[in-house]
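Below is one structure; the comments refer to it alone.
The values are calculated or read from the model by the stated rules, or taken from the named source; none is laboratory data. What you are looking at is a predicted structure, and each value in this text was computed from that prediction instead of being measured. Reconstructed Cβ throughout: ideal geometry from the backbone, glycine too, with neighbour counts over all protein chains shown. Calculation scope for accessible area: heavy atoms of the full protein, side chains included, ligands and nucleic acids excluded. Shrake-Rupley method; radii C 1.70, N 1.55, O 1.52, S 1.80 Å.
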Amino acid sequence: MELSLLTVCYLIGSLTFIIGLKMLSHPDSARKGNMVAAVGMAVAIFGTIFLYEEEGKKLGNYEWIFGGLVLGTVIGVLAAKKVKMTAMPEMVSLFNGMGGACAALISFIEFDHIKHALSDGLSLQLHAGTLITIFLGLIIGSVSFAGSVIAWGKLNGKIKDFAFPGQQIFNLVLLAATLVTAGYLVLNLNADNYWLFYGIAIASLVYGVLFVLPIGGADMPVVISLLNSFTGVAAACGGFLYDNQVMLTGGILVGAAGTLLTILMCKAMNRSLTNVLIGSFGGNATGTSSG
Amino acid sequence: METILNWVQTHIEMIYIVVLSIFLGIEVIGRVPSVLHTPLMSGANAIHGVVIIGAIIVMGKVEPGNYIALIIGFLAVVLGTLNVVGGFVVTDRMLEMFKKKK
């Protein structure tokens with residue numbers, strides 16, 4: 001990407017995210033830090049809408065984009081303003097799930113393009129790396145979405161703890177099967193097996209549900225923090241897909257900071273992450289899927 | 001294997017960004033006091049809403065007749081906006097409460 005105004009917008013965005021996170025971790029500056037990051041986000045978003053171009057072509061479908069932005073803003077502000085103080089963690093979890101879903105949907109559309117090309121019999125020069133990022137975005141985004149919705153339901157008491165014997169093993173097998181299938185598709189994608197993509201999406205959603213279901217309600221903030229860092233990584237996958245620096249820095253920053261924050265939260269409760277993730281019900285501690 | 005190496009080669013700058021951002025992310029919040037854990041989580045939650053930029057790009061590139069892609073893209077933009085806007089507003093409300101208590 002040559003140096004353009006958009007590059008500068010993305011630079012501003014990345015910088016404000018870093019500064020915002022830094023300020024958020026000090027009591028005196030926390031609120032300002034949040035504002036700083038929000039301003040940077042606005043710069044990055046509007047920069048993308050008005051300045052992004054690929055091969056000289058600007059973005060189209062403005063009415064859809066702005067429609068989505070307005071609708072999302074109205075619902076988002078109303079939901080965030082109306083929520084009771086005590087219900088805030090569950091709201092955060094829900095918003096986090098939305099981000100995860102967004103990442104997964106991006107993978108869906110990107111895959112849709114590939115699918116069309118495949119069924120038209122075009123020979124695609126696909127980078128394995130592109131496919132890997134599409135699949136990672138799909139898997140991580142879906143797990144984060146499903147897990148966050150379950151966490152939200154648990155915090156507001158709509159969903160009860162649920163575990164069945166051998167769930168840990170089942171989860172691990174499911175995750176392994178999903179990853180192996182994704183790996184297989186990356187190497188052998190063709191017009192006959194592309195439907196496996198949707199299988200991966202469903203398996204990831206199921207995994208997200210089963211991953212959070214057995215964890216006790218008191219440990220939910222830790223789980224939300226973990227899912228939060230997952231979504232960060234999913235966002236970073238999008239950064240790779242579009243060579244987009246601000247998505248990459250934002251996503252990875254949150255991924256790294258979120259992982260550390262998860263560990264710090266565990267420490268504050270005198271627990272270990274392993275303990276939270278698999279210790280909630282007695283049983284076979286075969287693996288620590290701390291991902 | 002070769003394609004993967006090629007991919008690494010073309011994305012080498014991105015890979016540098018990833019590695020450095022990981023360390024930066026860990027350093028930047030290393031000394032957060034435990035009272036700020038939840039607001040920080042919420043703030044970070046809003047920041048990963050940058051994923052909306054991907055949704056906007058994808059949406060802007062869809063051919064106007066492809067309604068399935070348009071609808072999925074529209075949904076992605078709405079969800080991403082929810083994440084960003086809701087995330088920042090909730091964080092602000094949390095921190096506001098925090099200040100009153102002090």
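The GNM of chain A, with springs linking C-alpha atoms under 10 angstrom apart, assigns the highest mean-square fluctuation among A:109, A:202, A:278 to A:109.
Here the Karplus curve 6.51 cos²θ - 1.76 cosθ + 1.60, taken at θ = phi - 60°, turns the phi angles of the range A:129-146 into couplings of x, 4, 4, 4, 5, 4, 5, 4, x, 5, 5, 5, x, 5, 4, 5, 4, 4 Hz, with x standing for Gly and Pro. Mean-square fluctuations from a GNM of chain A, with a 10 angstrom spring cutoff on Cα atoms, peak among A:241, A:11, A:69 at A:69.
For A:74, A:180, A:43, B:90, give me the order by solvent-accessible area with a 1.4 Å probe, most accessible first, ignoring ligands, DNA and RNA. Display every interim value, and only then the final one.
Values: A:74 80, A:180 100, A:43 45, B:90 0 Å².
Final ranking, largest accessible area leading: A:180, A:74, A:43, B:90.
Here chain A is scanned for trypsin sites (Lys or Arg not before Pro) in DSSP loops (not H, G, I, E, B) that have at most 10 other Cβ atoms within 10 Å, and the longest stretch holding none of them is A:161-291. Computed from the Cβ-Cβ distance with R0 of 35 Å, the FRET efficiency linking residue A:243 to residue A:270 stands at 0.20. Under the shape rule built on the C-alpha gyration tensor, where the axes satisfy a ≥ b ≥ c, chain A is oblate, since a/c reaches at least 1.5 while a/b does not exceed b/c.
Mind checking the dipole of the range A:1-150: about its Cα centre, +1 per Lys or Arg Cβ, -1 per Asp or Glu Cβ, Debye to the nearest 20? Mind dumping the intermediate values first?
Values: 9 positive and 10 negative charges, 152 e Å.
So the magnitude is around 740 debye.
Taking a ≥ b ≥ c as the square roots of the Cα gyration tensor eigenvalues, with a/c under 1.5 meaning rounded and otherwise prolate when a/b beats b/c, else oblate, which class fits chain B? Before the final figure, lay out the partial values.
Numbers: a/c = 4.69, a/b = 1.31, b/c = 3.59.
Taking the square roots of the gyration eigenvalues as a ≥ b ≥ c, chain B is oblate.
Please work out how much length the chain gains when fully extended from residue A:184 to residue A:82, using 0.36 nm per residue of separation minus the C-alpha to C-alpha distance, in nm with one decimal.
On the way: separation 102, 0.36 × 102 = 36.72 nm, distance 4.61 nm.
Taking 0.36 nm per residue and subtracting the Cα distance, the gain is 32.1 nm.
The value of relative contact order for chain B, using C-alpha pairs under 8 Å at least six residues apart, is 31 percent. The mean number of partner chain beta-carbon atoms within 10 angstrom of a residue's beta-carbon across peptide A:229-235 is 5.
Measuring between their Cα centroids, the range A:167-236 and the range A:44-123 lie 20 Å from each other. Whole-Hz Karplus values for the range B:19-29 come out as 4, 5, 5, 4, 5, 4, x, 6, 5, 4, 9 Hz, taken residue by residue from phi with 6.51 cos²θ - 1.76 cosθ + 1.60 and θ = phi - 60°; glycine and proline positions read x.
For the pair residue A:195 and residue A:177, label points projected 7 Å from Cα toward Cβ lie 1.7 nm apart. Across the range B:31-68, no residue has a backbone nitrogen under 14 Å from the label position 7 Å along the beta-carbon direction of residue B:96.
Couplings 3J(HN,Hα) for the range A:86-96, derived from phi with the Karplus relation 6.51 cos²θ - 1.76 cosθ + 1.60 (θ = phi - 60°), are 6, 9, 5, x, 5, 5, 4, 4, 5, 4, 4 Hz, where x marks Gly and Pro. Farthest toward the positive end of the dipole of the range A:94-219, out of A:175, A:128, A:149, is the Cα of A:149, where the dipole comes from beta carbon charges about the Cα centre.
For chain A, what is the calculated [θ] at 222 nm in deg cm²/dmol (nearest 500), taking -39500 (n - 2.57) for each run of four or more DSSP H residues and dividing by its residue count?
Numbers: 10 runs with 214 residues, N = 291.
The per-residue figure over chain A is -25500 deg cm²/dmol.
When B:40, A:5, A:155, A:174 are compared by accessible area at a 1.4 angstrom probe, the order from most to least is A:5, A:155, A:174, B:40. Projecting the Cα atoms of A:277, A:108, A:45 onto the charge dipole of chain A (Cβ charges, centred on the Cα centre) puts A:277 farthest toward the positive pole.
Under 5 Å from the amide H of residue A:159 lie the amide H atoms of A:154, each residue being 5 or more positions distant or on a separate chain, with H modelled from the backbone and absent for Pro and chain starts. Farthest towards the positive end of the charge dipole of the range B:12-102, among the residues B:95, B:29, B:82, is the Cα of B:95, using unit charges on the Cβ of Lys, Arg, Asp and Glu.
Counting only other chains, what is the mean number of Cβ atoms within 10 angstrom of the Cβ of each residue in peptide B:59-72?
Numbers: counts 10, 13, 10, 7, 3, 3, 0, 4, 0, 3, 7, 3, 1, 5.
Rounded to a whole number, the mean comes out at 5.
Averaged over the residues of peptide A:46-56, the number of Cβ atoms from other protein chains lying within 10 Å of each residue's Cβ is 2.
With a 1.4 Å probe and every protein chain kept in, tell me what percent of the accessible surface of chain A is carbon plus sulfur. Write out the running numbers ahead of the final one.
Numbers: 8390 of 12310 Å².
About 68 percent, which is the carbon plus sulfur part of the accessible surface.
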